[in-house]
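We did not get these values from a lab; they are worked out from the coordinates using the rules stated. Please read all numbers here as calculations on a predicted model, not as lab measurements. Positions of Cβ are backbone-derived with ideal geometry, glycine not excepted, and every protein chain shown enters the neighbour counts.
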């Protein structure tokens, strides 16, 4: 079996997975843009762990894409989807205001309407306070 064919197939499969993740993050961001005028109490979203590494990985993927295009390898779907996720959408997702809105709570993973919230609690750590939302 041709190694190049196997590697290209793996990159296409990875690209499909990242395409799904990119679509999910874009939908969340557009929903945030639609809801941000209804914010009651928000706080800045914490940067994900290893944020600098994630952005550096995005830059490295950009370099890989340019190098592959210069070598005339036109198949860059997987790398492009990973680049969009790491270099563009991960920093963009940190701009989503976590907190309370008129119709629900924007938690770290998604928006939860108030009718689906079973309980709310706070946990105090050494450096931060964490909101715990219990879904029904």
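Before moving on, here are some points about what is shown:
- Burial order of peptide ranges 96-107, 121-132, 22-33 (average beta-carbon count within 10 Å, highest first): 96-107, 22-33, 121-132
- Sites residue 37 and residue 134, calculated FRET efficiency, Cβ-Cβ separation with R0 25 Å, nearest 0.05: 0.40
- Sorting 56-62, 2-8 by average packing, meaning the other beta carbons within 10 Å per residue, from highest down gives 56-62, 2-8.
- Kirkwood estimate for the chain, i.e. one over the average of 1/r between Cα atoms, Å: 17.2
- Percentage relative contact order, the chain, counting C-alpha pairs under 8 Å, at least six apart: 27
- Degrees separating the helix 3-35 axis from the principal Cα axis of the chain, which is the longest one: 30
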